[in-house]
1. Select from region 40-86 the residues that are buried (at least 19 other Cβ atoms within 10 Å of the Cβ) and either in a loop (DSSP other than H, G, I, E, B) or without any contact (Cβ under 8 Å) to a residue 24 or more places away in the chain (or both) and list them in ascending order.
2. Given the criteria closer than 23 Å to residue 217 by Cβ, among the hydrophobic types (A, V, I, L, M, F, W, C) and at pLDDT 95 or above, does residue 157 qualify?
3. Consider residue 89 against the criteria (1) surrounded by 16 or more Cβ atoms within 10 Å (Cβ to Cβ); (2) touching a Phe, Trp or Tyr at 6+ places or on another chain (Cβ under 7 Å): it satisfies all of them except one. Which criterion is unmet?
4. Identify the residue in region 92-137 that is of a type in the set (S, T, N, Q) and crowded, with 19+ Cβ neighbours inside 10 Å and, among all such residues, is nearest to the chain's Cα centre (by Cα).
5. Within region 167-249, considering only helices (runs of 4 or more DSSP H) that don't extend past its boundaries, which have at least 2 residues that are under 18 Å from residue 52 (Cα atoms), without any contact (Cβ under 8 Å) to a residue 60 or more places away in the chain and of a type outside the set (Lys, Arg)?
6. With respect to residue 201, determine if the residue is of a type in the set (Ser, Thr, Tyr) and farther than 20 Å from residue 112 by Cα.
7. Within region 99-153, track down each residue that is out of contact with any helix residue (DSSP H, G or I) (no Cβ under 8 Å at 6 or more places or on another chain) and not hydroxyl-bearing (Ser, Thr, Tyr).
Amino acid sequence: MKDKLILTSKKGRVGYITLNRPEEMNTFTIPFAKQLDDALWDMENDEDILVIIINGAGKNFCTGIALDQFDNKKQSEYRKFLYQIDAFYHTLANMKTITIAAVHGYAVANGAGLAYACDFTVAADTTVFGTTAINVGLICLGPAAPMVRIIGRKKTLELILTGDMIKADKAEQLGLINQVVSEDELEDAADKLAKKLTTKSPLALQIGKEGINRIHDIPYHQGLDVMDDLFATLCSTDDAVEGVGSFLERRPPQWKEQ
């Protein structure tokens, strides 16, 4: 099982991805990053899966890139290395499937980035987050990409440049995560959210995520037009007709894509 750095399973319409380097606090290496990215794409291409839950084995979610990987590479070698390590940021942003991070223990550096980059983040109340690379002479610019979209420039600079750790309740107040629960409730809370999402129209979930992602990259008025175009696309589908019809007829919807 040691070569299985990422574990996967499926239950109903929910896929599960478990970071599986518990003795090394689920730190990133090239093989670990590749297996994570492959697992995400495998589930993205599985038509049965609507929601993915990402969690960590052992005492911690993930504590970033393994520091022994910083071994006097040339700039060009580090560039290639980091592009492979950080592939998951691109993948999560490009996926249609909804992702939920279920976080416990320490989630720092790229571990914090992974938690923040998912569509939803549920954390145990004992979780500690931090973009701490600056404390060892590095910098958390990977995690900064989702952070600056969520909390803006000033707070991102504060957290990235100080390397300060924050508790789960503070992360929730900032909007970096969605929900804080007790540690023994974490698994159930993530499952409950995932199952709630799987009752929705698959097309509406996908179009909703696409719209929210795209509006970040374009001006306000253009963004509104894009949102209306996407909404019009959804309105013309069988799922939209079924959703409105079932509501008016007071019956449960029967989604075509399920």
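1. In the first step, residues of region 40-86 are kept if they are buried (at least 19 other Cβ atoms within 10 Å of the Cβ); the result is 40, 43, 49-56, 60-65, 85-86.
Answer for region 40-86, where residues must be buried (at least 19 other Cβ atoms within 10 Å of the Cβ) and either in a loop (DSSP other than H, G, I, E, B) or without any contact (Cβ under 8 Å) to a residue 24 or more places away in the chain (or both): 49, 50, 60, 61, 63, 64, 86.
2. Working: closer than 23 Å to residue 217 by Cβ: yes; among the hydrophobic types (A, V, I, L, M, F, W, C): yes; at pLDDT 95 or above: yes.
For residue 157, the condition - closer than 23 Å to residue 217 by Cβ, among the hydrophobic types (A, V, I, L, M, F, W, C) and at pLDDT 95 or above - is met.
3. (2)
4. Let us first name the residues in region 92-137 that are of a type in the set (S, T, N, Q), namely 94, 97, 99, 110, 121, 126-127, 131-132, 135.
Those left that are additionally crowded, with 19+ Cβ neighbours inside 10 Å: 97, 99, 110, 121, 127, 131-132.
On the way: 97: 10, 99: 5, 110: 12, 121: 7, 127: 16, 131: 16, 132: 19 Å.
So the residue we want is 99.
5. Working: elements: 168-174, 186-198, 202-215, 220-235, 238-248.
In region 167-249, 202-215 are the helices (runs of 4 or more DSSP H) which contain 2 or more residues that are under 18 Å from residue 52 (Cα atoms), without any contact (Cβ under 8 Å) to a residue 60 or more places away in the chain and of a type outside the set (Lys, Arg).
6. Values: of a type in the set (Ser, Thr, Tyr): yes; farther than 20 Å from residue 112 by Cα: yes.
Yes.
7. Within region 99-153, the first condition is being out of contact with any helix residue (DSSP H, G or I) (no Cβ under 8 Å at 6 or more places or on another chain), and the residues that meet it are 105-106, 108, 111, 115, 132-133, 135, 137-138, 149, 152-153.
Across region 99-153, the qualifying residues are 105, 108, 111, 115, 133, 135, 137, 138, 149, 152, 153.
The values are calculated or read from the model by the stated rules, or taken from the named source; none is laboratory data. Fair warning: this is a prediction, and the values are worked out from it, not measured in the lab. So basically every Cβ, Gly included, is an ideal-geometry build from the backbone, and we count neighbours across all protein chains shown.
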